[in-house]
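*Asks:* Just passing along the structure, written as C-alpha cells.
The values are calculated or read from the model by the stated rules, or taken from the named source; none is laboratory data. Keep in mind that this is a model prediction, so the values were computed, not measured. Using ideal geometry, Cβ is built from the backbone for each residue, glycine included, and neighbour counts are taken over all protein chains shown.
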Amino acid sequence: QGLVTFSRRQTVRRRPLDLSVFIAKLGSRLQRVVPAGVELRVTPASQHIRVLADASSLEQVVIHLVMNACEAMPHGGIVALETRLVRNAPAGAPEGLPTGTYVCLSVSDTGVGIDPGLVGQIFEPFFTTKDTASGLGLAVVWGVVKQHGGRVEVINQPGRGTTFRVYLPAEDRMTLEAVADN
C-alpha cells in the first residue's frame with residue numbers, strides 16, 4: 001500500500017474536508033496510541049478550514065508524522081499537531097509553493113531532530129535510520145501531499161526537535177472568506 005501511495009497510483013476520492021474537525025477527531029484517537037511519556041497537544045484552527053482531500057490518505061500522513069515524532073523522543077516529550085490558515089505563500093515556505101491560500105497542518109516534536117546530513121534523504125523510499133522500519137513512512141507522506149497539490153516543509157533543529165509543515169490548497173468559498181476576514 002505504501003509503495004502504491006508513494007508512486008501516486010492509488011485512487012483517491014477527494015471530497016471537501018474540514019481539516020479543523022478532522023484533526024480534532026484524529027487527535028483524540030491518536031491520544032490512545034502515543035507512548036507513555038509523550039504528550040500530544042492538538043490545536044485545530046478556530047475557524048472551519050476546508051481542503052479537497054481523501055480523508056484516509058490524510059489520516060496516513062498525520063499518523064506517519066506523529067509516530068515518527070514519538071520515535072524521535074525516546075525519553076518523552078511533546079508532539080504538537082495543529083492546523084492554521086495561511087494567505088499567500090509564506091516567507092520560507094517550501095520551494096515551488098505558488099501564491100495562494102493554504103491550510104497548514106504541522107506536526108512538531110521536542111525530540112532529537114534529524115542529522116543534518118540526512119535531511120535531504122528522508123523522503124526517499126526505503127530510506128530509514130531504524131533497524132525495523134520499512135522506510136516508507138515519509139515517502140508516503142511526500143506522495144500523498146504531492147497528490148493533493150501540496151508541499152511539505154521540514155524545519156530541523158538538531159537536539160531540539162523537528163517540525164513538518166504540510167501545505168494544502170484551501171478549496172472552498174467558506175475557507176477563502178475566512179481568510180478575507182482576517
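*Asks:* May I ask you to say which residue of G113, G143 is on the phi > 0 side of the Ramachandran plot and modelled with pLDDT of 90 or more?
*Replies:* Values: G143 fails: on the phi > 0 side of the Ramachandran plot.
Result: G113 is the single residue among G113, G143 that is on the phi > 0 side of the Ramachandran plot and modelled with pLDDT of 90 or more.
*Asks:* Here is a further query. Inside the stretch 107-129, can you point out the residues that are crowded, with 19+ Cβ neighbours inside 10 Å, hydrophobic (A, V, I, L, M, F, W, C) and outside any loop (DSSP other than H, G, I, E, B)? Steps first, answer last, please.
*Replies:* Initially, the stretch 107-129 is screened for residues crowded, with 19+ Cβ neighbours inside 10 Å, giving 107-111, 114, 122-123.
In the following step, the residues that additionally are hydrophobic (A, V, I, L, M, F, W, C) were identified as 107, 114, 122-123.
Within the stretch 107-129, V107 is the sole residue that qualifies.
*Asks:* Take the residues of the stretch 48-87 that are among the small types (G, A, S) and part of a helix (DSSP H, G or I): which is surrounded by the most Cβ atoms within 10 Å (Cβ to Cβ)? Even if it seems obvious, please write down each step before you answer.
*Replies:* Step one: filter the stretch 48-87 for residues among the small types (G, A, S), giving 53, 55-57, 69, 72, 76-77, 80.
When the remaining residues are screened for being part of a helix (DSSP H, G or I), the result is 55-57, 69.
On the way: A55: 15, S56: 11, S57: 19, A69: 26.
Restricting to residues being among the small types (G, A, S) and part of a helix (DSSP H, G or I), the top hit is A69.
*Asks:* Between Q31, Q60, which is of a type in the set (S, T, N, Q) and in contact with a strand residue (DSSP E or B) (Cβ under 6 Å, 6 or more places away or on another chain)? Even if it seems obvious, please write down each step before you answer.
*Replies:* Numbers: Q60 fails: in contact with a strand residue (DSSP E or B) (Cβ under 6 Å, 6 or more places away or on another chain).
Being of a type in the set (S, T, N, Q) and in contact with a strand residue (DSSP E or B) (Cβ under 6 Å, 6 or more places away or on another chain) holds for just one of Q31, Q60, which is Q31.
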